[in-house]
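The values are calculated or read from the model by the stated rules, or taken from the named source; none is laboratory data. Worth saying up front: this structure is predicted, and the values here are computed from it rather than measured. Note that we place each Cβ from the backbone using ideal geometry, even for glycine, and neighbour counts take in every protein chain shown.
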Amino acid sequence: MYHFIVNPSSSSGKGLAVWTKVEAILSQKHIKYRATLLEHPGEAREIAASGTLKGKVILVGGDGTINEFLSGLSSFEGITFGYIPTGSGNDFARGMRLPAAPAEALEKILTSRRRRYINIGTVSADGISRSFAVSSGAGYDAAVCHEADRDQAKELLNRFRAGKLIYFKNALKMLFSMKTFSLRLVLDNGTLRSWDKVYFAAAMNTKYEGGGFRFCPDADPTDDMLDVIVAEGIPKLIVLLVLPTAFFGLHRYCRGVHIYRCKKARLLCGTGQCVHTDGEHVTFAKDISFSLRSEKLKLIV
């Protein structure tokens, strides 16, 4: 039995359109399933926290819906997770090399016997704890996601399947409007680094963030490690030139870009910074900690 959790509002209604196609295929193939269509923000977390889910749980939604669901799970025991992407960025699917096309993704879920045990990260800030499948960060990347979610143009661009453009638009806007901040980075191996003009710092579980930026090209969600990236001290005009190279991972060769590998990391910011998990706004905080959950999630690949 498959239990589908569907976010019909994902990507301005794309979630419902995808689910309609998926449901038709399930009926045609006479597959037994249950489906829960989410009706309000936070419901995926509530369902996960109920402790009633076992077996094959298939989520139909975006990275934010995954984040809600995983943050609600106190344990991954007994759950085999499948995913059909419907979001604007779909960095989880990209990082896990899952099919983007709904019919192909469903076919893999129904027929594949391959399973991958993946790490899930966790962030604590301002007394709030969240899980993350893709990444969590503070500063510029979080501010861009926060602005994109509030941008009225997002719904229109999503309808034309151009949702990624909203991130480019706000990336330019926030680059010239936000201020850099001082940062002390503390890693579990004792490494301590400090900078005065930081744009952002992010803990990456997968390679991609922000709709395809390959911020940490060597990140591996199965290696029990987080990759932490810090961008600092780069003139803003140079950032404009460097940012597009992040799609190919070439930004790491730029002076001012630092990448570390660790199991735990702590950010001590000079001023309160916007914090995100998987592109979802969490809070504003100065003291932010990243680590990995003790269990791995069993993913259908």
Discussion item. Looking only at the range 13-60, how many residues end up being buried (at least 18 other Cβ atoms within 10 Å of the Cβ) and among the small types (Gly, Ala, Ser)?
Written reply: 3
Practice prompt. Return only the number of the condition from (1) surrounded by 19 or more Cβ atoms within 10 Å (Cβ to Cβ); (2) at pLDDT below 95 that residue 131 does not satisfy.
Written response: (2)
Worksheet item: Of the residues in the range 111-128, how many are in a strand (DSSP E or B), among the aliphatic types (A, V, I, L, M) and under 16 Å from the mean Cα position of the chain (by Cα)?
Response: 2
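Among the residues of the range 22-49, write down those that are among the aliphatic types (A, V, I, L, M) and over 16 Å from residue 60 (Cα atoms). Steps first, please.
To start, the set of residues in the range 22-49 that are among the aliphatic types (A, V, I, L, M) comprises 22, 24-26, 31, 35, 37-38, 44, 47-49.
31, 49, listed by residue number.
Report, by residue number, each residue of the range 1-30 that is in a loop (DSSP other than H, G, I, E, B) and more than 21 Å from residue 108 (Cβ to Cβ). So that I can check it myself, show each step before the final result.
Step one: of the range 1-30, the residues in a loop (DSSP other than H, G, I, E, B) are 1, 7-9, 29-30.
Once the filter is applied, which keeps residues that are in a loop (DSSP other than H, G, I, E, B) and more than 21 Å from residue 108 (Cβ to Cβ), the range 1-30 yields 8, 9.
One line per residue, one yes/no per condition, for (1) assigned by TED's automatic domain parsing to the domain that holds residue 277; (2) closer than 20 Å to residue 38 by Cα; (3) of a type in the set (A, V, I, L, M):
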| position | (1), (2), (3) |
| --- | --- |
| 93 | no, no, yes |
| 97 | no, no, no |
| 100 | no, no, yes |
| 109 | no, no, yes |
| 125 | yes, no, yes |
| 131 | yes, yes, no |
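Among the strands (runs of 3 or more DSSP E) contained in the range 162-259, which hold 3 or more residues that are under 20 Å from residue 132 (Cβ atoms) and touching a Gly at 6+ places or on another chain (Cβ under 7 Å)? It would help to see each step written out before you state the result.
Details: elements: 181-187, 192-204, 226-232.
In the range 162-259, the matching strands (runs of 3 or more DSSP E) lie at 192-204.
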Worksheet, complete the sentence: When the range 40-73 is checked residue by residue, the ones that are modelled with pLDDT under 95 and over 26 Å from residue 111 (Cβ atoms) are 40, 41, 42, 50, 51, 52, 64
Item to complete: Taking the options 228, 186, name whichever one is surrounded by fewer than 22 Cβ atoms within 10 Å (Cβ to Cβ), modelled with pLDDT of 85 or more and in the same structural domain as residue 252 (by TED's automatic domain parsing).
Response: 186
Fill in: Identity of the residue in the range 135-154, among the hydrophobic types (A, V, I, L, M, F, W, C) and at pLDDT 90 or above, that ends up farthest from residue 66 (Cα to Cα)
138
Practice prompt. Give me the pairs, please: first residue somewhere in the range 232-248 and not assigned by TED's automatic domain parsing to the domain that holds residue 177, second residue anywhere and among the β-branched types (Val, Ile, Thr) and in a helix (DSSP H, G or I), beta-carbon distance under 7 Å, and either six or more positions apart or on two chains.
Written response: none
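With the requirement that a residue be under 16 Å from residue 190 (Cβ atoms) and in contact with a Phe, Trp or Tyr (Cβ under 9 Å, 6 or more places away or on another chain), what does the range 244-266 give you? Steps first, answer last, please.
Of the range 244-266, the ones under 16 Å from residue 190 (Cβ atoms) are 260-266.
Answer for the range 244-266, where residues must be under 16 Å from residue 190 (Cβ atoms) and in contact with a Phe, Trp or Tyr (Cβ under 9 Å, 6 or more places away or on another chain): 262, 264, 265, 266.
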Discussion item. On the basis of being out of contact with any strand residue (DSSP E or B) (no Cβ under 8 Å at 6 or more places or on another chain), surrounded by fewer than 23 Cβ atoms within 10 Å (Cβ to Cβ), more than 22 Å from residue 45 (Cβ to Cβ) and of a type in the set (D, E, K, R), does residue 236 make the cut?
Written reply: yes
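Please find, among 201, 171, the residue that is at pLDDT 80 or above, crowded, with 16+ Cβ neighbours inside 10 Å and among the aliphatic types (A, V, I, L, M).
On the way: 171 fails: at pLDDT 80 or above.
Answer to the check: 201.
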Worksheet item: Can you tell me which residues in the range 262-280 are surrounded by fewer than 18 Cβ atoms within 10 Å (Cβ to Cβ) and in contact (Cβ under 8 Å) with a residue 40 or more places away in the chain?
Response: 263, 264, 266, 268, 270, 271
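Consider residue 74 carefully, then state whether it is of a type in the set (Ser, Thr, Tyr) and in contact (Cβ under 8 Å) with a residue 24 or more places away in the chain.
yes
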